[in-house]
1. Report the normalised scattering of the stretch 22-140 as log10 I(q)/I(0) at q = 0.20 Å⁻¹, calculated by the Debye formula with identical scatterers on the alpha carbons.
2. For the stretch 41-89, what log10 I(q)/I(0) values come out of the Debye formula at q = 0.15, 0.16, 0.19, 0.23 1/Å, with one point per alpha carbon and no solvent?
3. Over all distinct alpha-carbon pairs, what is the Kirkwood Rh of the stretch 109-152 in angstrom?
4. What spacing in nm lies between the two simple spin-label points modelled at residue 68 and residue 10, each 7 Å away from Cα in the Cβ direction?
5. Describe numerically, in nm with one decimal, the distance between label points set 7 Å from Cα along Cα→Cβ at residue 25 and at residue 76.
6. Per DSSP H run of at least 4 residues, take -39500 (n - 2.57); add these up for the chain, divide by its residues and hand me the 222 nm value, nearest 500 deg cm²/dmol.
7. Of 97, 78, 35, 102, how do they rank once you tally other Cβ atoms within 10 Å and put the fewest first?
8. Suppose each label sits 7 Å from its Cα in the direction of the beta carbon; what would the residue 61-residue 2 distance come out to in nanometres?
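Laboratory data are not the source of any read-out in this text; all were calculated from the coordinates shown. The model shown is predicted, which means the values in this text are computed figures rather than measured ones. Ideal geometry is used to build each Cβ from the backbone, glycine not excepted, and the neighbour counts take in all protein chains shown.
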């Protein structure tokens, strides 16, 4: 694990996102509350927060970080792709005041949010696929701001 003891304590945040593609009927069942396992997006929200908090337990060499906040949001992608699939986009923002960034926590949260939706809906749509999981932005530390839109 990298020694971060010489790094300055700063406010840090990271935003990650990902998409789960599915059949339109699956999205409609999520939207209407017709999934047998319960409120899909509420459970996925909790899963994302839990994953962000437990990231060092599953990612080797990842520092334990006292997160000050994790925000999760979902949006529907109703424009079908080439295969006729629509989707749900998950966005996770992790924040802390510390000596190392929270990119892994945001990425882990986004992945688990999507995996949770998959798990809750797999009985009706085994062909769902996770795609485009990525870091969107990170703030804080010596390197300051990095944004996907301004790749540097």
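1. -1.04
2. For the stretch 41-89 at q = 0.15, 0.16, 0.19, 0.23 Å⁻¹, log10 I(q)/I(0) is -0.58, -0.62, -0.73, -0.85.
3. Kirkwood radius, the stretch 109-152: 12.8 Å.
4. Between residue 68 and residue 10, the label points sit 1.4 nm apart.
5. Distance between the two pseudo-spin positions: 1.7 nm.
6. -9500 deg cm²/dmol, from helical runs alone.
7. By the 10 Å Cβ count, ascending, the order reads 78, 97, 35, 102.
8. Taking the two extended label points, one gets 0.9 nm.
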